[in-house]
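The structure appears below as structure tokens.
Every read-out reported here was derived from the displayed coordinates using simple, explicitly stated rules and does not represent laboratory data. Just so you know, these numbers come straight off a predicted model, no measurement behind them. All Cβ positions, even for glycine, are placed from backbone atoms using ideal geometry, and neighbour counts span all protein chains on display.
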């Protein structure tokens, strides 16, 4: 039920251009986009009932966001900060994580060749001062699109290529793995 209250006041051309420019941004949070669309609908002359029907919210919700826009502009439409502990893995930590993962551990002064989540967690705790447990570090690596898992160890770098070729030639000469009898190679 629209009581005819003007909850937005006149939306000037500058404010409308600002709202429309924000709506063209790709990285806009969905909740903020919805609120900006409410303001745009009001600027186009839609009544509160039509805006509520379009966005699937109650008329009271639409009035509240339109009044917030009237009183505080676009900044009043953003979500309030959420309660709880702040993030430990901030942008600086994620940058350090990416740099460490892409670097050879020995080049960073470590005594091993392969990162494990425990080793990486300890290294980043030492360099950034932020301790994140290995399990959560694996989640962060996955979110950053890094593949993690058990390393595949090989001894190929320890073998003599000439001897490997000679053994492969002898195996090929006898038909692969021998004639099927025990001890026949």
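Tell me the mean residue ellipticity at 222 nm calculated for the chain from its helices only (DSSP H runs of n ≥ 4, each -39500 (n - 2.57), averaged over every residue, nearest 500). Mind dumping the intermediate values first?
Details: 8 runs with 94 residues, N = 185.
One gets -15500 deg cm²/dmol as the mean residue ellipticity at 222 nm.
Among 69, 112, which comes first, then next, by fewest other beta-carbon atoms within 10 Å?
112, 69
Can you tell which of 122, 83, 156 shows the greatest fluctuation in a Gaussian network model of the chain with Cα springs below 10 Å?
Comparing 122, 83, 156 in the GNM, the peak value goes to 156.
As a test of understanding, state the convex hull volume per residue of the stretch 1-110 from its alpha carbons, in Å³. It would help to have the intermediate numbers written out before the result.
Working: hull volume 16.5 nm³, N = 110.
It comes to 150 Å³ per residue, whole-number rounded.
Hey, how many Å between the Cα centroid of the stretch 32-54 and the Cα centroid of the stretch 119-148?
Each part's Cα centre sits 43 Å from the other's.
How far apart, in nm, are the 7 Å Cα→Cβ label points at residue 167 and residue 108?
Modelled inter-label distance: 3.5 nm.
Report D for the stretch 91-143 in µm² per second (integer): Stokes-Einstein, Kirkwood Rh on Cα pairs, 4 °C, 1.567 mPa s. Write out the running numbers ahead of the final one.
Details: Rh = 11.0 Å.
Value of D from the Cα-based Kirkwood radius: 118 µm²/s.
Using a simple spin-label model with points 7 Å from Cα along the Cα→Cβ vector, what separation in nm is obtained for residue 94 and residue 76?
Placing both labels 7 Å beyond Cα along the Cβ direction yields 3.1 nm.
What's the exposure ranking of 54, 46, going from fewest to most Cβ atoms within 10 Å?
54, 46
Any idea what angle helix 30-43 forms with the longest principal axis of the chain, computed on alpha-carbon atoms, 0 to 90 degrees, nearest 10?
30 degrees
Pulled fully out, how much extra length does the chain show between residue 16 and residue 50, if you take 0.36 nm times their separation in residues and subtract their Cα-Cα distance?
Numbers: separation 34, 0.36 × 34 = 12.24 nm, distance 1.88 nm.
Answer, rounded to one decimal: 10.4 nm.
Dividing the Cα radius of gyration by the Kirkwood radius, what Rg/Rh value follows for the stretch 48-138? Don't skip to the answer; put the middle values down first.
Values: Rg = 22.9 Å, Rh = 17.0 Å.
That ratio is 1.34, to two decimals.
Per the Debye formula with a single identical scatterer at each Cα and no solvent contribution, what log10 I(q)/I(0) holds for the chain at q = 0.08, 0.10, 0.16, 0.19 Å⁻¹?
The Cα Debye sum returns log10 ratios of -0.58, -0.70, -0.95, -1.13.
For the stretch 13-77, with equal point scatterers placed on the C-alpha atoms only and solvent neglected, what are the log10 I(q)/I(0) values from the Debye formula at q = 0.26 1/Å, to two decimals?
With one equal scatterer per Cα and no solvent, log10 I(q)/I(0) is -1.22.
Which order results if 152, 40 are arranged by neighbouring Cβ count within 10 Å, fewest first? List each step's numbers first, then the result.
Working: 152 6, 40 17.
Arranged by neighbour count, lowest to highest, 152, 40 become 152, 40.
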